[in-house]
1. Just tell me the longest site-free run in the chain, where the sites are chymotrypsin sites (Phe, Trp or Tyr not before Pro) in a DSSP loop having at most 16 other beta-carbon atoms within 10 Å.
2. Between residue 94 and residue 138, what's the calculated FRET efficiency when r is the beta-carbon distance and R0 is 25 Å? Round to 0.05.
3. Using the heavy atoms of the protein chains and a 1.4 angstrom probe, tell me the accessible area per residue for segment 91-193 in square angstrom.
4. Which residue, chosen from 117, 72, 153, occupies the Cα position most advanced towards the positive end of the dipole of the chain, where the dipole is computed from +1 (Lys, Arg) and -1 (Asp, Glu) charges on Cβ about the Cα centre?
5. Which of the trypsin sites (Lys or Arg not before Pro) across segment 110-180 are loop residues per DSSP, with 15 or fewer other Cβ within 10 Å?
6. List the relative contact order of the chain as a percent without decimals, with contacts defined as Cα pairs under 8 Å and 6+ residues apart.
7. Could you tell me which of rounded, prolate or oblate describes segment 12-159, using a ≥ b ≥ c as the square roots of the eigenvalues of the alpha-carbon gyration tensor, with rounded for a/c under 1.5 and, failing that, prolate when a/b is larger than b/c and oblate otherwise?
Amino acid sequence: MRRSTYAKKRLWRWRNNPLRRHDDIVEAWIVLVMWTVVAVGGTVAGLVTAHSASDVFAQQRAERRSVRAVLLNDVPLGATAVGGTTDRRTASVRWTTPDGSTRTGRTLVETGREAGSQVTVWQDGQGRLTPAPTGSTEASIESGFLGTGAAAALAGLVIGVAAIARWRLDQRRIDGWNREWDVVGPLWSHKTG
């Protein structure tokens, strides 16, 4: 019995009731649509984003390849780090592209290396230096985070729009009550005199 009372309280906007206003029905539909879009749309947005990110990471792994490069200058242990305390520093390197031409560029290498030592760098299909591709485990985790972020962003947007719509309905109800009070209020006032 207790469960049915709870359900009746929660679903009062859907029941036929002489006190139910049109705005109550509109608000019930807003809440229903909001939760449906959050549940279904959030799931779809999250899955699509995670799948797309996973495809991008897989494409990066497929098109990037590691090559051996020669370090052109020393990278001492005490060199200043770019953006923090890492054991990698920016240095100039020379490598050979897939078409056989030799190029030079700057990339991150481990500290403590001397000029002329061999380092591994990553290049894209055109022979340009790129960061190492994301590993499959990291890609899965990052894709999951991106999918969760997309679902949360959609949910936040939908809940925000629904809150604004419900606020507007509340303003409309308050304006209606004020108009009705302007009509009824003078009938209830007692003037002594």
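The values are calculated or read from the model by the stated rules, or taken from the named source; none is laboratory data. All of these numbers come straight from a predicted model, not from anything done at the bench. Cβ coordinates were reconstructed from backbone atoms using ideal geometry, including for glycine residues, and neighbour counts include every protein chain displayed. These area figures cover heavy atoms from the full protein model, side chains too; ligands, DNA and RNA do not enter into them. Shrake-Rupley method; radii C 1.70, N 1.55, O 1.52, S 1.80 Å.
1. Working: sites that count: 12, 14.
Counting at most 16 other Cβ atoms within 10 Å as exposed, the longest clean stretch of the chain is 15-193.
2. Details: r = 29 Å, r/R0 = 1.16.
Calculated transfer efficiency: 0.30.
3. Details: 7010 Å² over 103 residues.
Result: 68 Å² per residue.
4. 153
5. Working: sites: 113, 128, 166, 168, 172, 173, 179; in loops: 128.
Qualifying residues, ordered by number: 128.
6. On the way: 221 pairs, mean separation 50.6, N = 193.
Taking the mean separation of contacting Cα pairs over the length of the chain, I get 26 percent.
7. The shape class here is prolate.
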